[in-house]
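Before any comments, here is the structure.
The values are calculated or read from the model by the stated rules, or taken from the named source; none is laboratory data. The structure displayed is predicted, hence computed values, not measured ones. Cβ sites come from the backbone with ideal geometry, for glycine too, and all protein chains shown count toward neighbours.
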Amino acid sequence: MRSRQPPKSQSFSIRLGEQADLLVREEGRRSGRSRSVIVEELAEEAAKTRLFPGIAFRDAPRRAWAIGSGLDVWEIIDLLRSYDGDEDALRVSHPLVTERHLQLARAYAHRFPEEIETILEEQRRSLPELLDLYPFLQADT
């Protein structure tokens, strides 16, 4: 998979209403991030949730998840692959995952493949790499 350079950011001026400004400032205080970073993240997430109703974002770093499934999009894609695309078998083993969740996850992953593949690659670290990163782990070998 070829890695593309992220597009350069564009300067954009915005005036926030009183309530939005209060919420953004509070998030900045809580997270230690700049207002511009917070507004950019919120704008991107809002646009993605409008494109894919039923997708929301959680945790840090922010990850897309399918509301009601309990699973991140990358987890649903990983499950689909582990079941060789057999959706019926997957749904029998994971009853909280509906046909709608599968459709959403596939569509989202198709639209944002680099986002999903990056997370999947991070999840597949080798045991030696994990032990280097987390020397406190004890592995039964």
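Can you find, within the stretch 97-141, the residue that is farthest from ARG63 (Cα to Cα) among those that are assigned to a loop (DSSP other than H, G, I, E, B), of a type in the set (Val, Ile, Thr) and at pLDDT 90 or above?
THR98
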Filter result (within 21 Å of PHE52 (Cα to Cα) and surrounded by fewer than 11 Cβ atoms within 10 Å (Cβ to Cβ)) within the stretch 86-141: GLU99, HIS110
Of all helices (runs of 4 or more DSSP H) completely enclosed by the stretch 1-93, which ones contain at least 2 residues that are over 22 Å from GLN123 (Cβ atoms), out of contact with any Asp or Glu (no Cβ under 8 Å at 6 or more places or on another chain) and free of Cβ contacts under 8 Å to residues at least 60 places away in the same chain? 18-31, 35-51, 87-93
Would it be correct to say that ILE76 is aliphatic (A, V, I, L, M), surrounded by 16 or more Cβ atoms within 10 Å (Cβ to Cβ) and under 21 Å from PRO113 (Cβ atoms)? yes
